[in-house]
Amino acid sequence: MNSIPRRGDAPTTACVESEVIADEHEILVDPEAPLGEYMTEIGMYDASLGDRPPIHDAASKVPRGDRMLLERVQVRTNQ
C-alpha cells in the first residue's frame, strides 16, 4: 500500500528532522491466508526513483536496512 502520510496531508518533503507523524492504515488479510503468525514491516521509497532509503538507528545513526519491522500479528479463525 503506497500513500502520502496522513491521507495526503503530510508529504515527506515537508518533514522536519525527528518529527513524528502518526499514519494509520487498515491492513486487510486475504480470507484464504494460512493461519499463523506474521511480521508487519514498513518502509519508504522515493516515488521518482523507486529507491528505498536506509532506516537509521536513532541512537547510533547506523543504517539498519530499508525497512522497519513492527509487531507480530496472529491470523486465526474467528469461529
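The values are calculated or read from the model by the stated rules, or taken from the named source; none is laboratory data. Being a predicted model, the structure only gives us computed values, none of them experimental. Every residue, glycine among them, receives a Cβ derived from its backbone with ideal geometry; neighbour counts consider all protein chains shown. Areas reflect the complete protein model, heavy atoms only, side chains present, ligands, DNA and RNA absent. Shrake-Rupley method; radii C 1.70, N 1.55, O 1.52, S 1.80 Å.
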For residue 2, what charge total do you get from the other residues with a beta carbon under 13 Å from its beta carbon, if Lys and Arg give +1 and Asp and Glu give -1?
0
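May I ask you to give the solvent-accessible area per residue for the chain, in square angstrom, as obtained with a 1.4 angstrom probe? Display every interim value, and only then the final one.
Details: 7320 Å² over 79 residues.
About 93 Å² of surface per residue is accessible.
Within region 8-67, what whole-number % of the accessible surface is contributed by carbon and sulfur, with the 1.4 Å probe and all protein chains included in the calculation?
Details: 2840 of 5200 Å².
That share works out to 55 percent.
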Let's test this: bin the Cα-Cα distances of the chain at 5 Å from zero up to the farthest pair and state each bin's percent.
3, 10, 17, 22, 19, 13, 9, 5, 2, 0
Which order do peptides 14-27, 34-47 fall in by mean Cβ count within 10 Å, highest first?
34-47, 14-27
